[in-house]
Amino acid sequence: MTKRVLVKFSGEALAGKEGYGIDTKILKFIANEIKTLIDAGVEVAIVVGGGNIIRGVSAAADGIIKRTSGDYMGMLATVINGVAIQEALEHIGLEARLQSAIDMHEIGESFIVRRARRHLEKGRVVVFAGGTGNPYFTTDTAATLRASEIEAELLIKATKVDGVYDKDPNKYDDAVKLDTLSYEQALTKEIKVMDDTSIALARENGLPIVVCNMFEEGNLLAIIKGDMSLGSIVK
Ligand code: UDP
């Protein structure tokens, strides 16, 4: 069984049916899923996105807001989501610590890898927010980076889909789910797992990535226990 895992939740996943903002029912669901991992003795870190609130590229689309400023707005959005996830985890009795890549001492700890590791060893869930702290990156890259830094054995990208397909399943009826793919395959342009920066970093650090449907109850724990058929694995 995996001992230390990092789970990446996109901002969009938190939005629920509304398509924006934060649905507390989803927060509760996520917290309960994380609890099953903690109860099984797994050390869990989380990276959260911000797409339910704002994304740099869209904010800067008409040129009024500069891309870099839009990206900082996006990073701030991830902190809002991080606070929400921390609350949901504590609400069901877990211990959680929010660490931000952008210093915000009143809201959370600064990102300090040694401190994060110590929290994990003590059974606390560490929620990493603020992305990488740099514009032009994504929270997927932040997830790969933090997973590598804390020496997680596995990165789970928790999504709305059950895995990676050879082509867009929304467009093609004959799209086939790939159970296993190499980093090289994940870098080809037809395949959308994560952006190239995050895949390249995962390859360099030998970090396996599982893409799975987070809305199926019990999926995360089953994957941690080794049932990779519930998603697609990039390794
Ligand atoms: N962002 C950034 N640097 C990072 C991570 C995120 O500038 O290291 C910004 C970027 O504008 C991005 C936004 O924050 O669009 C929200 O993150 P992302 O789009 O990755 O969220 P998700 O798609 O997972 O909800």
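Ranked from highest to lowest mean number of other Cβ atoms within 10 Å per residue, what is the order of the peptides 8-18, 162-172, 134-144, 46-56? Don't jump to the answer; show the numbers that get you there.
Details: 8-18: 19.5, 162-172: 14.9, 134-144: 23.1, 46-56: 24.9.
Ranking, from highest mean packing down: 46-56, 134-144, 8-18, 162-172.
Could you work out the mean projected area of the convex hull around the alpha carbons of segment 34-149, in square nanometres to one decimal? Working shown, then result.
Values: hull surface 28.4 nm².
For segment 34-149, averaging the hull's shadow over all directions gives 7.1 nm².
Limiting things to C-alpha atoms, what are the Rg and the maximum Cα-Cα separation (Dmax) for segment 26-75, in angstroms?
16.4, 49
Where does the Debye-calculated log10 I(q)/I(0) of segment 62-107 sit at q = 0.18, 0.26 Å⁻¹, using only Cα point scatterers of equal weight, no solvent?
-0.61, -0.93
Go through K167/K192; K8/K235; K35/K192 and tell me which ones have a Cα-Cα distance over 20 Å in this structure. Walk me through the intermediate numbers first.
Working: K167/K192 8 Å; K8/K235 17 Å; K35/K192 29 Å.
Pairs exceeding 20 Å: K35/K192.
Cα centroid distance between segment 1-38 and segment 104-141, in Å?
The two parts, judged by their Cα centres, are 16 Å apart.
Using modelled backbone amide H atoms (1.01 Å from N, in-plane), which distant-in-sequence or interchain residues come within less than 5 Å of V47's amide H?
Under 5 Å from the amide H of V47 lie the amide H atoms of V7, K8, F9, F128, each far enough along the sequence or on another chain.
Quick one: what do you get for segment 141-235 if you divide its Cα Rg by 2.2 N^0.38 Å? Don't jump to the answer; show the numbers that get you there.
Numbers: Rg = 12.7 Å, N = 95, 2.2 N^0.38 = 12.4 Å.
So the Cα radius of gyration is 1.03 times the expected 2.2 N^0.38 Å.
Would you calculate a helix-derived [θ] at 222 nm for the chain, using -39,500 (n - 2.57) for each DSSP H run of n ≥ 4 and dividing by the full residue count, to the nearest 500?
On the way: 9 runs with 90 residues, N = 235.
Per the formula, -11000 deg cm²/dmol.
Within segment 196-231, name every residue whose backbone N is under 13 Å away from a label modeled 7 Å from Cα of D179 along the Cβ vector.
227-231
So for V83, V234, fewest C-beta neighbours within 10 Å to most, what's the order? Mind showing how you got there, number by number?
Values: V83 19, V234 27.
Lowest to highest Cβ neighbour count: V83, V234.
For K189, which aspartates and glutamates qualify as cross-link partners when the Cα separation must be under 16 Å and same-chain residues fewer than eight apart are set aside?
Filter leaves D166, D168.
What fraction of the DSSP beta bridges in segment 4-234 is antiparallel, stated in percent and rounded to the nearest 5?
DSSP beta bridges in segment 4-234 are roughly 20 percent antiparallel.
Can you give me the long-range amide H partners of V125? Hydrogens built in the peptide plane at 1.01 Å from N, cutoff under 5 Å, separation of 5 or more residues or another chain.
E95, A96, R97
Could you give the Stokes-Einstein D for segment 1-91 in µm² per second, using the C-alpha Kirkwood radius, 20 °C, 1.002 mPa s? List each step's numbers first, then the result.
Details: Rh = 14.0 Å.
Here the translational diffusion coefficient equals 153 µm²/s.
Determine, at each q value in 0.18 (inverse angstroms), the log₁₀ of I(q)/I(0) that the Debye formula gives when each Cα of the chain is one equal point scatterer.
Calculated log10 I(q)/I(0) at the listed q: -1.47.
We did not get these values from a lab; they are worked out from the coordinates using the rules stated. All values derive from a computational prediction rather than experimental measurement. Cβ: placed from backbone, ideal geometry, glycine included. Neighbour counts: every protein chain shown.
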